[in-house]
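Each remark here refers to the structure printed beneath this line.
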Amino acid sequence: MALITNQDPRSSREADEPGLELMSIEQLLELLPGVSRGLLAQWRYEGHGPDFVKLGRRPLYVRKSVQEWLEANLHVQPHGV
């Protein structure tokens, strides 16, 4: 299941490891409608939400981890409900 597509290479940073794409808060907010910057901060503080790394004071999200987190939190309605 590919939830994250069409990455603009100019808007992402790449770490030393090939294929490891980092997302800014703004990029993550585009994928999570209804989630605010404040809620992301609360999730980071409480240890909820997708994994992140900090470069300096700036939290960045690993694209693959975000996708895995979204898939792990997918709720499917049973048929007939």
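The values are calculated or read from the model by the stated rules, or taken from the named source; none is laboratory data. Here the structure is a predicted model, which is why all the values come from computation and not from measurement. Backbone-built Cβ (ideal geometry, glycine too); neighbour counts: all protein chains shown. With ligands, DNA and RNA removed, areas are computed over all heavy atoms of the protein, side chains included. Shrake-Rupley method; radii C 1.70, N 1.55, O 1.52, S 1.80 Å.
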- Item | Filtered residues of region 47-65 (kept if out of contact with any Asp or Glu (no Cβ under 8 Å at 6 or more places or on another chain), of a type outside the set (D, E, K, R) and closer than 12 Å to Ser24 by Cα) | Phe52, Val53, Leu55, Pro59, Leu60
- Could you please give the count of residues in region 36-77 that are in a loop (DSSP other than H, G, I, E, B) and loosely packed, with under 14 Cβ neighbours inside 10 Å? 11
- Message: Of the conditions (1) at pLDDT below 95; (2) touching a strand residue (DSSP E or B) at 6+ places or on another chain (Cβ under 6 Å), Met23 satisfies every one except a single condition; which number is it?
- Response: (1)
- Item | Looking only at region 21-35, and only at residues there that are of a type in the set (A, V, I, L, M, F, W, C) and under 18 Å from Glu71 (Cβ atoms), the one that is most open to solvent (accessible area, probe 1.4 Å) | Leu31
